[in-house]
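Values quoted throughout were computed directly from the atomic coordinates according to the rules given, and no laboratory measurement underlies them. Note that the structure is predicted; figures quoted are calculated from it, not measured. Virtual Cβ from ideal backbone geometry, glycine too; neighbours counted across all protein chains shown.
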Amino acid sequence: MSKLHLVFGGRVSDPQTTDFSHPDALDVVGIFPDYASAEAAWRAKAQATVDDATMKYVVVHLHRLLQPD
C-alpha cells in the first residue's frame with residue numbers, strides 16, 4: 001500500500017492549535033504519494049504565509065487513517 005499524505009491549511013483561531021476558523025475555506029494543497037513530496041509542498045505553502053501567524057498548513061498521514069494497525 002502506498003503511504004498517502006494530505007497537505008492542507010487555513011486560518012486558525014490560535015496559532016498553537018489546529019482549530020481552523022473557517023473549515024469551509026481550507027486550502028487543500030493536494031494528496032502526495034510519500035512524505036518527502038508532502039513535506040516539500042507543506043514547506044512551500046508555510047513559507048509563503050510565514051508572515052501571517054494565523055495561517056497554518058499541516059501534513060496528514062492518510063495511510064494511518066486507512067489502515068490504523
Computed over region 10-69, the convex hull of the Cα set has an average projected area, in nm², of 4.7
Going from the fewest other Cβ atoms within 10 Å to the most, one would list His63, His5 as His63, His5
Note to self, the chain gives a 222 nm [θ] from helices alone (DSSP H runs n ≥ 4, -39500 (n - 2.57) apiece, / all residues, nearest 500) of -8000 deg cm²/dmol
So the angle from the long Cα axis of helix 35-48 to the longest Cα principal axis of the chain, reported in degrees to the nearest 10, equals 10
Taking N as the residue count of region 1-42, its alpha carbon Rg divided by 2.2 N^0.38 Å gives 1.30
Charge dipole of the chain built from unit charges on the beta carbon (Lys, Arg +1; Asp, Glu -1), centred at mean Cα; most positive-end Cα among Pro33, Ala46, Val7 is Pro33
